[in-house]
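Peer 1: I'd like to ask some things about the structure below.
The values are calculated or read from the model by the stated rules, or taken from the named source; none is laboratory data. Just so it is clear, the structure is predicted and the values come from calculations on it, not from any experiment. Cβ sites come from the backbone with ideal geometry, for glycine too, and all protein chains shown count toward neighbours. Protein only, heavy atoms only, side chains kept; ligands, DNA and RNA dropped before computing areas. Shrake-Rupley method; radii C 1.70, N 1.55, O 1.52, S 1.80 Å.
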Amino acid sequence: MTAIDELLADARIPTGPRDGFDVGAALRRLAADAAAVAAKPHPDTVRAAQAGQRLSVVCRWILNRPDAADHVDRLAQEPATPEDDGHLDVDGALVFACLLYLTDHRESAQFWWQLAAGAGHRAAAYCLHLHHLALGESREARHWLHVVTDDVLDSEAPDSTFLDTLESVATYVRRTGSSLASAPTGGLEMEVDRLATAETGTCIIVRRPDRRLADQLHDFTRR
């Protein structure tokens, strides 16, 4: 064997098992690790999903409050637009926004939440915080959380008991998969769709509720 042959022999890369190394087991471990990484969702995705779930719980809780229908009734009896006389039943706007959200009219819900939050309703600002968080809009979500937690509105201090209750209910539902409040009925959904399809022109915002919807909500909350 020449010197060149000896060098080539020493340079060969071994292809078989060596020192008890199990190639098959190693490949299976690599495949399992890759699958675990692929199955693990991104933290932002998890946070958005949790925010969306929490918002649904909060909306259902607000919609099922005993006075929800009364506020929507008052909102229905006010002028056609809040600008007509500068008056707005902010609690009615909050309830209506939550109903719109639960019936998949998300842009209209955002509009009515903003009206209520602009009038000093912190629960509406909290809903906007969760809404933007669910959409992955972190900057907007931080803004509305700031509105909830800091004294930037001309209104009473935040009701910590109210917000703590919302968080506790949302956490309970997320862990157990059960709900303490009913979702909108088919009748409510049809009334909201009626209002949405009654709009003319290019406006995509659902107009004020009317007495028909308020009556349907009264029936819903009496169950």
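Peer 1: With labels modelled as points extended 7 Å from the Cα through the Cβ direction, what inter-label distance (nm, one decimal) is found for V23 paired with E107?
Peer 2: About 5.9 nm separates the two model spin labels.
Peer 1: I'd like the accessible area for I205: 1.4 Å probe, protein heavy atoms, all chains in place, Å² to the nearest 10.
Peer 2: 40
Peer 1: Moving on to the next point. If a paramagnetic tag sat 7 Å from the Cα of H146 along the Cα-Cβ line, which residues of the stretch 103-119 would have the backbone N under 15 Å from that point?
Peer 2: Of the residues in the stretch 103-119, none has backbone N under 15 Å from the label point off H146.
Peer 1: Evaluate the distance, in nm, between pseudo-label points positioned 7 Å from the Cα of L135 and of T197 along their respective Cα→Cβ axes.
Peer 2: In this crude spin-label approximation the distance works out to 2.6 nm.
Peer 1: Another question, if that's okay. What net charge do the residues around D215 carry, taking every other residue with its C-beta under 10 Å from that of D215, with Lys and Arg at +1 and Asp and Glu at -1?
Peer 2: Net charge in that neighbourhood comes out at -2.
Peer 1: How do R194, R28 stack up against each other in accessible area, from largest to smallest, with a 1.4 angstrom probe?
Peer 2: I get R28, R194, largest accessible area first.
Peer 1: For W113, W61, write out the residues from largest to smallest accessible area, computed with a 1.4 angstrom probe and no ligands counted.
Peer 2: W61, W113
Peer 1: Also, quick follow-up: Determine the sum of side-chain charges near R142: Lys and Arg each +1, Asp and Glu each -1, restricted to other residues whose C-beta is under 13 angstrom from that of R142.
Peer 2: Here the count lands on -1.
Peer 1: With each label point set 7 Å from Cα along the Cα-Cβ vector, what nm distance links D215 and A181?
Peer 2: 2.6
Peer 1: Turning to a different aspect of this structure: Please give the FRET efficiency for E78 paired with T45, using the beta carbon to beta carbon distance and R0 = 45 Å, rounded to the nearest 0.05.
Peer 2: Efficiency computed from Cβ-Cβ geometry: 0.65.
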